[in-house]
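Colleague: Sharing a structure below in structure tokens format, with a few things to ask.
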């Protein structure tokens, strides 16, 4: 297992008047090749949790291990951990600062002390991963790009470090529907083609649920649900609504049908799923009547 | 111009007009907004939504064409402040528009600037807070509020000026589902109970579907306009415009094509459930 959390707790401003307990007793295991969605209401502790994954925050109590290394231990090489776990913050385009896209993406590998030949290779590779053409983009200023493109460059600057796992905090916030779909499909491609583990943090249920293999739902500093999206939508729809997350329209539709006594499968995530379930149900009913 | 309160005629806007890299953000827009309208504007990034919104209270002036608010042309500099008082604005990021240290001071800020008497100011602040259902937070510090609450404070600040129009530019983009619902509920109430004309920009088609009219912009032009059930059934056009289609409408259209008698104009989950119950 890649990341392992044991009874992890975190409190902001410990011992101060505004002391706030943000994470409560979190136990979690993440494998290297997983594709995980971490969802929850604003303020539930999502961002605080992922900042523990690469040692940006140190737990108030409890343990966190990355590839078996205890991050609390004195003398741990956090630099090495941060190469293994690439963290892409919210609105990463705000972090762009170099004059050209080439320099921007090269910044990480250069800080690692790689020779120039290797750096260029990594820049080309990272830009390709986010579907930006090196020849067209390398010499342009990152500030001349659209919002969606800037975000892809920011993502490429993390990918050029070649992390084993990629953690993204609200990667689709403020993008229009096309920009959002592009980023999500690129992340999915990176996961599939390069075997990189991914943790996607979001409060946009709909799109995340249809993209990931495993869903973690947080509420008030705890992980309250953990499982395949279909399973969570089928069995725990009420919990999702209760913690203020809402359901995709098609899932809500299936649950309402079920409430009316119709025997339909409720673990649907997409319009495709819903169409299939409804057509099958209609067909079955017809056969019974005949 | 009976009852037409915002009239937009051949409005075009070009950024960097005097420079080399001109960008035409709006291209001959014609639009009439009536008293009490409840309109949402959709469109992908760069389609001109925000540029259009900023013309409604003189934050931007037309490169060519005209826009009148209650018969006042926005180019008439003597009317700028009168127009801004009438057309309230709420932006995407609540943290950028809240300036005072308590909620009530923040709402009073605009009123103070136009020299309203203290007693009247108190009344207006309390009224605005009641409308957005935030009266119990009047002494709170804004940074301790949730995103949805902050946006409601921003709305209160705008309506305290007794604006007749409220332009909201993606007010829920940074909010979670609960915050989004809070803001939508208040916006509906403002339109219904206070008769404030609403112009609401959003990326979320589920939100846009709740308005009485939807306008879709593309490359600075109006690409689609009409009632939600007319606009959202044009799935192919919407996809070309880089927009989402509400899941329920897409499902209704697909089932309809399969010969199942469900109206392709279905926008609400409840209606879909009702229609389906006749079948299964």
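Read-outs throughout are calculated quantities, based only on the coordinates presented, and are distinct from any laboratory measurement. Because the structure is predicted, anything quoted here is derived from the model rather than measured. Cβ atoms come from the backbone with ideal geometry, glycine included; neighbour counts cover every protein chain shown.
Colleague: Taking each pair of different alpha-carbon atoms in segment A:83-225 once, compute 1/r for the pair, average those values, and report the inverse of that mean as the Kirkwood hydrodynamic radius in Å to one decimal.
Modeller: 15.6
Colleague: Continuing with the same structure: Take every Cα-Cα pair in segment B:104-151 and report what % of them are more than 15 Å apart.
Modeller: Result: 42 percent of Cα pairs exceed 15 Å.
Colleague: Using a 10 Å cut-off on Cβ atoms, rank the peptides A:210-222, B:253-265, B:197-209 from the highest mean neighbour count down.
Modeller: Result, highest mean Cβ count within 10 Å first: B:197-209, A:210-222, B:253-265.
Colleague: If you build the convex hull over the alpha carbons only and average its shadow over all orientations, what do you get for chain A? Give it in nm² to one decimal.
Modeller: Details: hull surface 73.8 nm².
With every direction weighted equally, the projected area is 18.4 nm².
Colleague: Also, quick follow-up: Kindly work out what percent of the DSSP beta bridges joining two residues of the protein assembly as shown are antiparallel, to the nearest 5.
Modeller: In the protein assembly as shown, DSSP labels about 50 percent of beta bridges as antiparallel.
Colleague: Please arrange B:272, A:1, A:16 by counting, for each residue, the other beta carbons lying within 10 Å of its beta carbon, fewest first. Walk me through the intermediate numbers first.
Modeller: Details: B:272 27, A:1 13, A:16 9.
Ordered from fewest to most neighbouring Cβ atoms within 10 Å, B:272, A:1, A:16 come out as A:16, A:1, B:272.
Colleague: Then there's this: Mind checking the log10 I(q)/I(0) for segment B:201-252 at q = 0.13 Å⁻¹? Debye, one equal scatterer per Cα, no solvent, two decimals.
Modeller: The computed values of log10 I(q)/I(0) come out as -0.25.
Colleague: Taking 8 Å as the Cα distance limit and 6 or more residues as the minimum spacing, I'd like the relative contact order of segment A:248-290 as a percentage. Before the final figure, lay out the partial values.
Modeller: Details: 26 pairs, mean separation 14.6, N = 43.
Averaging sequence separation for qualifying contacts and normalising by length gives 34 percent for segment A:248-290.
Colleague: Just report the Cα centroid separation between segment B:263-280 and segment B:56-127, whole Å.
Modeller: Answer, in whole Å: 43.
Colleague: Counting only DSSP beta bridges with both residues in chain A, tell me the antiparallel percent, nearest 5.
Modeller: Close to 50 percent.
Colleague: Give the whole-number value, in cubic angstrom per residue, of the convex hull volume spanned by the C-alpha atoms of the protein assembly as shown.
Modeller: In the protein assembly as shown, the Cα hull volume divided by residue count equals 181 Å³.
Colleague: Given segment A:1-127 reduced to its alpha-carbon atoms as identical point scatterers, what log10 I(q)/I(0) does the Debye formula return at q = 0.18, 0.19 Å⁻¹?
Modeller: Reported log10 I(q)/I(0), two decimals: -1.10, -1.16.
Colleague: Per the Kirkwood formula on distinct C-alpha pairs, the Rh of segment B:147-222 is how many angstrom?
Modeller: One over the average 1/r among Cα pairs gives 13.0 Å for segment B:147-222.
Colleague: Using label points projected 7 Å from each Cα along Cα→Cβ, tell me how many nm separate residue A:283 and residue A:90, to one decimal.
Modeller: Output for this residue pair reads 4.5 nm.
Colleague: What's the Kirkwood radius of segment A:84-125 in Å, using all Cα pairs?
Modeller: Numbers: mean 1/r = 0.0890 Å⁻¹.
This gives a value of 11.2 Å.
Colleague: Using only the C-alpha atoms of segment A:152-226, find the volume of their convex hull and express it per residue in Å³.
Modeller: Values: hull volume 8.0 nm³, N = 75.
Once divided by residue count, the hull of segment A:152-226 is 106 Å³.
Colleague: Calculate the tail of P(r) for segment A:248-290: the fraction of all Cα-Cα distances greater than 12 Å, expressed in %. Numbers along the way, then the final one.
Modeller: Numbers: 514 of 903 pairs.
Above the 12 Å cut-off, segment A:248-290 has 57 percent of its Cα pairs.
Colleague: Consider all pairwise Cα distances in chain B and report the whole-number % of them above 29 Å.
Modeller: In whole percent, the long-distance tail amounts to 38.
Colleague: Could I have the simple spin-label model distance between residue B:19 and residue A:224, label points 7 Å from Cα toward Cβ, reported in nm to one decimal?
Modeller: Computed distance between label sites residue B:19 and residue A:224 equals 4.9 nm.
Colleague: In nm, what is the difference between 0.36 nm times the number of residues separating residue A:72 and residue A:60 and their Cα-Cα distance?
Modeller: Numbers: separation 12, 0.36 × 12 = 4.32 nm, distance 1.01 nm.
Result: 3.3 nm gained on full extension.
Colleague: On average, how many beta carbons from a partner chain sit within 10 Å of the beta carbon of a residue in A:265-271?
Modeller: Counting Cβ atoms of other protein chains within 10 Å of each residue's Cβ and averaging gives 2.
Colleague: On average, how many beta carbons from a partner chain sit within 10 Å of the beta carbon of a residue in A:179-185?
Modeller: For peptide A:179-185, the averaged partner shielding equals 1.
Colleague: Starting from 0 in steps of 5 Å, tell me what percent of the Cα-Cα pairs of segment B:58-198 lands in each bin.
Modeller: 2, 10, 20, 22, 20, 14, 8, 4, 1, 0
Colleague: Could you compute the FRET efficiency for residue B:81 and residue B:28, with r as their C-beta to C-beta distance and R0 at 35 Å, rounded to 0.05?
Modeller: 0.80
Colleague: OK, next. Mind jotting down a quarter of the surface of the convex hull over the alpha carbons of segment B:1-67, in square nanometres, one decimal?
Modeller: Seen from a random direction, the Cα hull of segment B:1-67 projects 4.9 nm² on average.
Colleague: With an 8 Å cut-off on Cα pairs and a minimum separation of 6 or more residues, tell me the relative contact order of chain A in percent.
Modeller: Numbers: 516 pairs, mean separation 61.8, N = 290.
21 percent.
Colleague: Any idea what diffusion coefficient segment A:139-290 gets from Stokes-Einstein, in µm²/s, Kirkwood Rh on alpha carbon pairs, 20 °C, 1.002 mPa s?
Modeller: Details: Rh = 17.7 Å.
In µm²/s, the coefficient rounds to 121.
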